[in-house]
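Here's the structure we're looking at; comments come further down.
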Amino acid sequence: MSKKVNNRKKKANEKAKSIKYTVAVPFLSNSYLFSISKKIGWSIVDYLFLKELYHQERTLSELSKKSNLRKQIILQIVLPMSDLGWVEIINFNHEFLLKITDNGKSAYLASRKNHELPCQVTDYISKREIYVDILDNYYNFYKSSVQTIAYVRYKEIKSNEKQEFVELPLLNDKVYPDYEKIEKVAGNQNESISKIEDLNIGQLTDKKYLLVEMIYTPENKSKIIKDSLYSDLNNSLIKIIESTRPPSISDSKSTQVVMPEVEKNVPSTTSITLNRNQVDFIYGGQETEIKFLELINTAQNYLIIHSTFIGSWCIKRKNSEDEQYSEYFEAIREALKREVAVYILWGKTSLDSDDDDYEKSHAEDNKVKNLLSEFNDSCRREGIMGIVDYNQFRRTESHAKFIIADSANRGACVMVSSCNFLYSRFNRFEASVAIYDDQLVRSYLRIAANISMGNNYVNSSTKKEINSYANQYKCFTKRNSPQEVRNLQEDKFTVSLVLKNQHYYYIDVACNEATKIIYITSDFINSTPERPIYDALKNSTAKKFLFYSKRSDHISHEEINETMKSLDGLEEPIKLRQSPHKPKHHAKVLAWDDNDILITSLNWLSSNASENQDDKYHEIGVHINGPNVVAEFINKFKP
C-alpha cells in the first residue's frame, strides 16, 4: 500500500513542476520608405525647467525636491541652457542658484504655443519594416527587444528542438496596409512621418515569427519569461499568448491554439464629426449625373473615378464614328486641359450574380478598351500634354463605386454611390453622398491606391501617384468615440467609412437601436440574406421595410413569394416588397429611425458581406449619423 502511495506522490510532484514551452507568434510584414522629420535638440523636460525658472528663480536643491530628480541630472539639463545664455548659474550661500536671463525669457515666450523650445529639424528617408499581428495591431520593432525570424527558420527550429511548441494561427496570408496605423507606429522618438512609399509589394505578405519563451506554473498559469515583451506587444496579443498551455498537459496534445472570439467586423476607425455643409446627399439618377459632372468640372489637381463596369455608350455618343464623345468624356478632356491628373479605375469585366446584364464578351471588352485608348489619342492630337491613366486596364475586382476629386469650390471630396458612373444611363433611382473632408478623402485615396493593384498586389506608377495625393493630407489625431457620435448638435454630422465585412455590424446596430423604422433597399435579391439580415431583423420591434428591384438567377419568383409570406407572418412582421420604381431603383441603403443612414455599393439582399481579408474593399459604404437624414431619403425614394 505504501508503495502505491509513494508512486502517486511522485506523479503529483512531477505534475506540479513548472513546464517551459514556446509560443510561436506569427506576423505579416513589409518594408516601406518613410520621409521623416526629426527634431534634434530640446525635450519637453527642458521646456518645463525653463518654464519654472521663468516664473521664479530656484536653487538646485529646490528644483531637485520639486522634480524628484537628482541634482547631477538637473545640472545636465540646465548646463546646455547656460551655454546658450538662457540661464545663469550663480554661487549663493554654498548653493547653486539658477536664474533665467532675458534671452532665456525670450526663448520661453516664443515656445509657449507649442510647449517646446526652438530646435533643429532634419529631414531624411528611412526604410523600415512594419509588422501586423493576428489582431490587426501594427508594430515597428526597430528599437525594441523583439527579434523575429523567417518562417523557414522557425520550421527548422521547431523540428530540431525538444521543447514543446504552441503555434498561434495565422488567419490570412496577406493584409492590405492600414496607412494610418503604419504612420502611428513607424516613427521613433522626436520623429514625424510626412510620407509613406511602398517598395514592391503593396500588401503585408512576408511571414515572420516571434518565439516567446513561456513558463507554465502549478497554479495553472502561463507567463512570458522575457519581461520586456510586455511593453513591446499589444495587451490583447499578450492575453492570447498567456492563454496557451503546454501541449503535454492538454487533452489534444495539439500545437495549434483556437483563437478566442474577436469582434473583427466592428469598425476599427471611429467617426469624424463634420458640419452639415460638408455633406451632400444625392438621390435620383439625374441628380447623380449632375453631381458627377460637377466634380469633373471643378477638379483642380486630381480626379479618380472608380466604376465597376464601363460601357461604350458612356465614352462615345451612339452611332458616332467621328470625335463625338459623350459629355462625360468631353468634361474629362477639359479637365486634362486644366492639367488635372485623371485616373479611371475599372472594377470588373465578368458578371456578378447581383449585377445588371453586362455584355461580358471579349469583343465588348476590347471595344471599350479601344475606345478609351482612342480618347487619349484624340487628346494627344489636340496637343493636350496629360492623358487619362487607365491603370493599364487592370481590373480592381471591386464592386465599389466612388469619385475622389479636389474641388476648386469646396476642397477635397469623395462621392460614394450605388451608381456605376461609366456604365449607368442615369435613368434609375440611385443613392449617393458627397463628403468634403480631408481625412475621409485621405482614407479613400489609400483604398483607391490599394485596389489599383488588382489581384497581383504588385506596385505600379498609378498606385504610387494616388498614394502621393494621400500624403498631402495629414493623419487626423482627434476623432470622436462611438459614444460621442450620439450626442449630436443640430448642425453636426458624424461619418464613418464602412468596408465590406463591416456591413452586417450595422444591421445589428439598427436592430438594437431602432424603435420606429428600419428601411433597406437593394437592387437584387436572392437567398443570401436569410441569416445575416432576416434572422437579425426578426426580434426588432421597429417597422421593417425591405425593397428590391430584381431577382437574381439563384432564386425563383415562387421562392420570393414564399419568403414574403413567411416574413409577413412573423410576430414582428418584415415587409419585403419589390420596388415600385419604374425603371427599377439601383440604390443600396440601410436607414433606421431619424438620424442614421448607410449608403453603399453592397446589394443588401443578394451579396455576402461576411469576413474575408482578400476582398474587404469589394464593397465600400459610408454611415452618416445626423439630424433627420432618414426622412430626407424616404421622401425621395417613395415614387
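The values are calculated or read from the model by the stated rules, or taken from the named source; none is laboratory data. All values reported here derive from a predicted model rather than from experimental measurement. Cβ sites come from the backbone with ideal geometry, for glycine too, and all protein chains shown count toward neighbours.
General observations
- Inside region 534-572, residues that are touching a helix residue (DSSP H, G or I) at 6+ places or on another chain (Cβ under 6 Å) and β-branched (Val, Ile, Thr) make up a count of 0.
- Some residue of region 271-294 being at pLDDT below 90 and among the polar types (S, T, N, Q): yes
- Where a residue in region 141-153 is within 16 Å of Tyr230 (Cβ to Cβ) and its partner, wherever it lies, is among the polar types (S, T, N, Q) and not in a loop (DSSP other than H, G, I, E, B), with Cβ under 9 Å and at least six apart: Ser144/Ser231; Ser145/Ser231
- Within the span defined as region 403-426, one or more residues are assigned to a loop (DSSP other than H, G, I, E, B), among the small types (Gly, Ala, Ser), outside the structural domain of Ile520 (by TED's automatic domain parsing) and closer than 25 Å to Trp313 by Cβ.
- Search result, residues across region 338-373 that are at pLDDT 80 or above, part of a loop (DSSP other than H, G, I, E, B) and of a type in the set (Lys, Arg): Arg338, Lys348
- Meets criteria (surrounded by 16 or more Cβ atoms within 10 Å (Cβ to Cβ), at pLDDT 90 or above and not in a strand (DSSP E or B)) for Ile134: yes
- So Ile560, is it in contact with a Lys or Arg (Cβ under 8 Å, 6 or more places away or on another chain) and either among the aliphatic types (A, V, I, L, M) or surrounded by 18 or more Cβ atoms within 10 Å (Cβ to Cβ) (or both): yes
- Among the residues of region 536-586, the one identified as of a type in the set (Gly, Ala, Ser), in a helix (DSSP H, G or I) and in contact (Cβ under 8 Å) with a residue 24 or more places away in the chain is Ala536.
- Of all residues in region 26-67, those that are touching a strand residue (DSSP E or B) at 6+ places or on another chain (Cβ under 6 Å) and aromatic (Phe, Trp, Tyr) total 4.
- A residue that is under 30 Å from Arg276 (Cα atoms) and surrounded by 23 or more Cβ atoms within 10 Å (Cβ to Cβ) occurs nowhere in region 575-584.
- Residue match in region 323-337 (condition: modelled with pLDDT under 95 and not hydroxyl-bearing (Ser, Thr, Tyr)): yes
- Some residue of region 526-535 being farther than 21 Å from Cys419 by Cβ, among the small types (Gly, Ala, Ser) and assigned to a helix (DSSP H, G or I): no
- Residue in region 75-85 that is of a type in the set (A, V, I, L, M, F, W, C) and farther than 28 Å from Ser192 by Cα present: yes
- Of the helices (runs of 4 or more DSSP H) lying entirely inside region 14-116, those carrying at least 1 residues that are loosely packed, with under 15 Cβ neighbours inside 10 Å, at negative phi and small (Gly, Ala, Ser) are 60-67, 102-111.
- The lone criterion from (1) under 30 Å from Ile196 (Cα atoms); (2) free of Cβ contacts under 8 Å to residues at least 40 places away in the same chain left unmet by Leu135 is number (2).
- Complete set of residues in region 537-557 that are over 22 Å from Ser418 (Cα atoms) and crowded, with 17+ Cβ neighbours inside 10 Å: Leu537, Ser540, Ala542, Ile555
- Residue list for region 92-123, filter: farther than 17 Å from Arg58 by Cβ and of a type in the set (Val, Ile, Thr): Val121, Thr122
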